[in-house]
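The values are calculated or read from the model by the stated rules, or taken from the named source; none is laboratory data. Being a predicted model, the structure only gives us computed values, none of them experimental. Ideal geometry is used to build each Cβ from the backbone, glycine not excepted, and the neighbour counts take in all protein chains shown. Please note that ligands, DNA and RNA were not included when accessible areas were found on the heavy atoms of the full protein model with its side chains. Shrake-Rupley method; radii C 1.70, N 1.55, O 1.52, S 1.80 Å.
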Amino acid sequence: MLADTRAVMLRFAGEVCAELGYPCQPTPADLEALDAMSFDNLGRRLGVPDELVAEFTRRNMDRFAGLSDPLPLFPGMAQVVMEISRRGPIGIVTGNTSRAVRKFLVRHGLAALFQVILGLEEPGARAEKI
């Protein structure tokens, strides 16, 4: 992970649940309980009905894509990424959209270091993408 998205993810999930008529207060324990980290799984965990899970995910992704300021990198992470990229090609497999991740990387001056970004729009689970 390059940035700590946990607090923002929980805030967005709570806002979207309320918008969809299923108010709740997501906690870090909700994220830790997931077998696979995804907004689909989080929505189900929070009680969003199956027919609204895709909308829950879309609205959360839209919020991440619309952030005006990039989330901060974990301290020292830029240096780690630069060092790893000197050793060979690197990529990102993410549950976010590749567009949002690319925007984040550009704002932190790291985009040129990654050869591939496989986001949720690419078919398959993260393990299959790797």
Report task. Could you please let me know if R99 is within 21 Å of A127 (Cα to Cα) and without any contact (Cβ under 8 Å) to a residue 40 or more places away in the chain? Result -> yes
Report summary line: Over segment 47-77, the set of residues of a type in the set (S, T, Y) and open to solvent by 30 Å² or more (accessible area, probe 1.4 Å) is S68
Query - Every pair of residues 6+ apart whose Cβ atoms lie under 9 Å, when the first sits in segment 60-84 and is in contact (Cβ under 8 Å) with a residue 12 or more places away in the chain while the second is polar (S, T, N, Q) - result: M61/N96; M61/T97; F64/T5; F64/N96; F64/T97; A65/N96; A65/T97; L71/T5
Query raised in the report: Are there any pairs, at least 6 apart or on different chains, whose C-beta atoms fall under 9 Å, with the first in segment 1-16 and under 18 Å from V93 (Cα atoms) and open to solvent by 70 Å² or more (accessible area, probe 1.4 Å) and the second part of a helix (DSSP H, G or I) and not polar (S, T, N, Q), and if so, which?
Result: M1/M77; R6/P28; R6/L31
Query - helices (runs of 4 or more DSSP H) wholly inside segment 1-88 containing at least 2 residues that are under 12 Å from the mean Cα position of the chain (by Cα) and under 17 Å from G119 (Cα atoms) - result: 39-45, 50-65
